[in-house]
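Participant: Handing you this structure, nothing more for now.
What follows draws every value from the coordinates through simple rules; no lab data is involved. If you're wondering where the values come from, they're calculated on a predicted model, not measured in any experiment. Positions of Cβ are backbone-derived with ideal geometry, glycine not excepted, and every protein chain shown enters the neighbour counts.
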Amino acid sequence: MKASYEVVSVAHSESWSFFTRHQQSSLPFNWHYHPEYELSLVLNAKGQRYIGDHIAAVHGHDLVLTGPNLPHTWAVSALNEQAQIEVRVIWFTHEWLAQLCQVCPECTPLLQAFAQAQHGLLYSAATLAQVQPLMEEMLNASMMNRLVLLFKVLQLLAQDTPTPLSAATFSSPTPPRSEQRLNRVTQYLLDHYDQPLDLVRLAQLANLSANSLCRSFKQHTRMTLSDYLSQLRIARACEALIEGQEPISVIAYRVGYTHLTHFNRQFKRIKQLSPSEFRARFNRESDKT
């Protein structure tokens, strides 16, 4: 799947950019990349996070830093009508960061802290709780005060030990093209993940032979079609395990598995936990908050 190139606008009077989106019922899948670092704070969301070759369930709040040219997106809906999605995004370039560290050597730890951002970095709930009010304050701050707030945010990120997300890196993306064949395939899988893999239908959507589609899909996603579908299904299952107390057998069937043993095997392969262990661990963490 080819990621689309996104142009990030920065005002002439500023050296970085801040964006906010209020009261969204959903964020659609929009696989894209850009040369800037992106710090994304996503609030009140349930669905999936896609960072490079990483796919995982999101439920609640998310704070992720993506490095330059790393494809990423969220495909999420609001937790409920009373808790709509809120998005806060900070963009800055590697050149900006390098020049900042050159002028202010005290900031050099930032370069070290963000060295793994090419994999995408997921920050802890504790850091998110500290960053969120600072980004909220940015909404009505003057340009100078907003810059001060940015430094506070970056300091908090540097003090955390984030979790790398994508095993692969994407430092040299393919130049953007108009071809959307694989995007159609991916969207079809997103919409029909609970159905058997229909290679003939996918090949028709891509206007490719089945062999060419499989080869092209693996080249651009670093996953086979079946592996990608398994990732989608398990991510949906994680969401269901987090949200409620449905029997695991019901969840397995709902996300496309007709045999519980196969579901359990795939779940443990991808998450390194059984479904029941995953649910128990999440419940323990929830009880702590």
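Participant: I'd like the Karplus ³J(HN,Hα) series for segment 48-61: coefficients 6.51, -1.76, 1.60, θ = phi - 60°, whole numbers in Hz, and an x wherever there's a Gly or Pro.
Facilitator: 10, 10, 10, 10, x, 9, 9, 10, 8, 6, 10, 8, x, 10
Participant: Grab every C-alpha pair in segment 181-288, bin the distances at 10 angstrom width from 0 up to the longest one, and report whole percents.
Facilitator: The percentages, shortest bin first, are 15, 42, 27, 14, 3, 0.
Participant: Rounded to the nearest 20 debye, what is the charge dipole size of the chain about its Cα centre when +1 sits on each Lys and Arg Cβ and -1 on each Asp and Glu Cβ?
Facilitator: That gives a dipole near 1000 debye.
Participant: Rounded to the nearest 0.05, what FRET efficiency do Val10 and Gln159 give with R0 = 30 Å and r taken as the Cβ-Cβ distance? Could you check?
Facilitator: The formula returns an efficiency of 0.70 here.
Participant: A follow-up question, please. Mind checking the alpha-carbon convex hull of segment 51-114 and giving the volume per residue in Å³?
Facilitator: Output value, Cα hull per residue: 111 Å³.
Participant: Around Asp62, under 12 Å between beta carbons, what's the net of Lys plus Arg minus Asp minus Glu among the other residues?
Facilitator: +2
Participant: Round to a whole angstrom and tell me the spacing of the C-alpha centers of segment 196-238 and segment 37-105.
Facilitator: That distance is 25 Å.
Participant: More than 19 Å apart: what percent of Cα pairs in segment 4-164 qualify?
Facilitator: 53
Participant: What ranking do 259-271, 16-28 get when scored by the average of other Cβ atoms within 10 Å per residue, highest first?
Facilitator: Going by the mean number of other Cβ atoms within 10 Å, highest first, we get 259-271, 16-28.
Participant: Classify segment 15-61: rounded, prolate or oblate, from the alpha-carbon gyration tensor (a ≥ b ≥ c, eigenvalue square roots; a/c under 1.5 rounded; otherwise prolate if a/b is larger than b/c)?
Facilitator: The shape class here is oblate.
Participant: Could you pull out which residues in segment 122-146 have an amide N less than 11 Å from a spot 7 Å beyond the Cα of His22, following the Cα-Cβ vector?
Facilitator: Flagged as within label range: 140.
Participant: Which of these values of Rg and Dmax of the Cα atoms in Å was calculated from the structure shown: [x] 18.5, 58; [y] 19.9, 60; [z] 23.1, 103?
Facilitator: The listed entry that was calculated here is [y].
Participant: Whole-Hz Karplus ³J(HN,Hα) for segment 224-231, in order, using 6.51 cos²θ - 1.76 cosθ + 1.60 and θ = phi - 60°, x for Gly and Pro?
Facilitator: Calculated HN-Hα couplings, in order: 6, 4, 5, 5, 5, 5, 4, 4 Hz.
Participant: Tell me, what HN-Hα J-couplings in whole Hz come from the Karplus equation 6.51 cos²θ - 1.76 cosθ + 1.60 at θ = phi - 60° for each residue of segment 67-80, using x for Gly and Pro?
Facilitator: Taking θ as phi minus 60°, the curve returns x, x, 6, 8, x, 7, 5, 10, 10, 9, 10, 5, 4, 6 Hz for segment 67-80.
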